[in-house]
Amino acid sequence: VEWFPDNGLAPFLTGPANITFTLKESNKSFTLRTEFYHSPDFEVDWEKINNGEVFEMKYSDFKRYSTVKELTSKNKEHIWSVGIPFLFEDVNFDSTKELIIVKKRAGQRWTDDYEVYSIDEFGALNSPYNITNSLPYVKFDGFTKFNPEDKTITLYSSGGACGSCYETYQAVVGYKGVKFILIKKIVYDYQDKNGNYIGCHIYTYDVVNGREVLIESESGPVDL
């Protein structure tokens with residue numbers, strides 16, 4: 001890791017980093033850049049820094065921290081941090097682990113944000129197999145919920161007391177592997193579809209073939 005921390009999120013010490021991964025079997029390597037890298041329990045040693053020395057840390061030392069799996073917990077609304085700079089987890093239910101790079105406190109409401117990469121024996125996969133900038137992966141953060149039982153992922157977008165949105169995506173097998181389709185959407189809004197102020201309402205939709213179908217029994221006014 002080539003890391004350039006600053007005090008922008010003190011005392012967390014975050015900053016840009018170039019992370020190089022080397023595959024043991026083939027000795028091939030690939031490098032990814034992230035903007036909010038953080039190493040937990042990193043102790044600043046200015047003498048070593050000024051001498052250009054290399055800091056050594058074992059990845060196994062991070063194992064005591066929680067991982068993205070905690071986001072499956074039904075008892076937690078969110079988690080602030082997974083306490084690890086990167087990890088390997090299956091986040092699309094295909095039994096193959098993806099590489100997740102943690103962007104420290106870069107998500108909404110200061111939770112961690114996540115960059116997700118498909119990887120194979122040659123390194124990080126490129127387009128059209130790259131999943132990093134596609135939904136739902138591009139919005140993974142500390143509020144994301146994973147449900148391995150029905151292979152769904154729910155994204156949360158915070159928009160204030162009555163401006164939030166939940167989107168649930170379900171994994172399906174596609175031509176180029178697993179893909180996700182939007183199946184449900186929940187929106188909180190002060191306005192109706194015509195822009196009239198009507199007080200806070202919840203609107204719940206099933207999404208069928210890309211079309212939003214209002215579920216009236218699950219929609220209506222709410223008290224804040």
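The values are calculated or read from the model by the stated rules, or taken from the named source; none is laboratory data. None of the values given here were measured: they were computed from a predicted structure. In this analysis, Cβ positions are derived from the backbone assuming ideal geometry, glycine residues included, and neighbour counts consider all displayed protein chains.
When restricted to residues that are farther than 16 Å from residue 97 by Cα, of a type outside the set (Asp, Glu) and assigned to a loop (DSSP other than H, G, I, E, B), the range 141-170 contains 10. Checking each residue in the range 4-33 for being aromatic (Phe, Trp, Tyr) and either modelled with pLDDT under 85 or part of a loop (DSSP other than H, G, I, E, B) (or both) picks out 4, 12. Just one of (1) closer than 30 Å to residue 37 by Cβ; (2) surrounded by fewer than 17 Cβ atoms within 10 Å (Cβ to Cβ); (3) of a type outside the set (Ser, Thr, Tyr) fails for residue 145. It is (2).
When each of 157, 164 is tested for being buried (at least 16 other Cβ atoms within 10 Å of the Cβ), in contact with a strand residue (DSSP E or B) (Cβ under 9 Å, 6 or more places away or on another chain) and among the small types (Gly, Ala, Ser), the lone residue that passes is 164. Residue 87 meets each of the listed conditions (1) part of a loop (DSSP other than H, G, I, E, B); (2) modelled with pLDDT of 75 or more; (3) within 23 Å of residue 136 (Cβ to Cβ) apart from (1). For the residues 213, 173, 138, the requirement of being surrounded by fewer than 17 Cβ atoms within 10 Å (Cβ to Cβ), in the same structural domain as residue 113 (by TED's automatic domain parsing), free of Cβ contacts under 8 Å to residues at least 24 places away in the same chain and not in a loop (DSSP other than H, G, I, E, B) singles out 138. Against the criterion of being closer than 30 Å to residue 6 by Cβ, in contact with a helix residue (DSSP H, G or I) (Cβ under 7 Å, 6 or more places away or on another chain) and surrounded by 18 or more Cβ atoms within 10 Å (Cβ to Cβ), residue 101 does not qualify.
Remark: residue 192 matches the filter, which requires a residue to be modelled with pLDDT under 90 and either touching a His at 6+ places or on another chain (Cβ under 8 Å) or buried (at least 16 other Cβ atoms within 10 Å of the Cβ) (or both). For the range 112-130, the set of residues classified as assigned to a loop (DSSP other than H, G, I, E, B) and either modelled with pLDDT under 85 or within 16 Å of residue 21 (Cα to Cα) (or both) consists of 118, 121, 122, 125, 126, 127, 128, 129, 130, listed by residue number. In this structure, residue 208 qualifies as more than 22 Å from the chain's Cα centre (by Cα) and hydrophobic (A, V, I, L, M, F, W, C).
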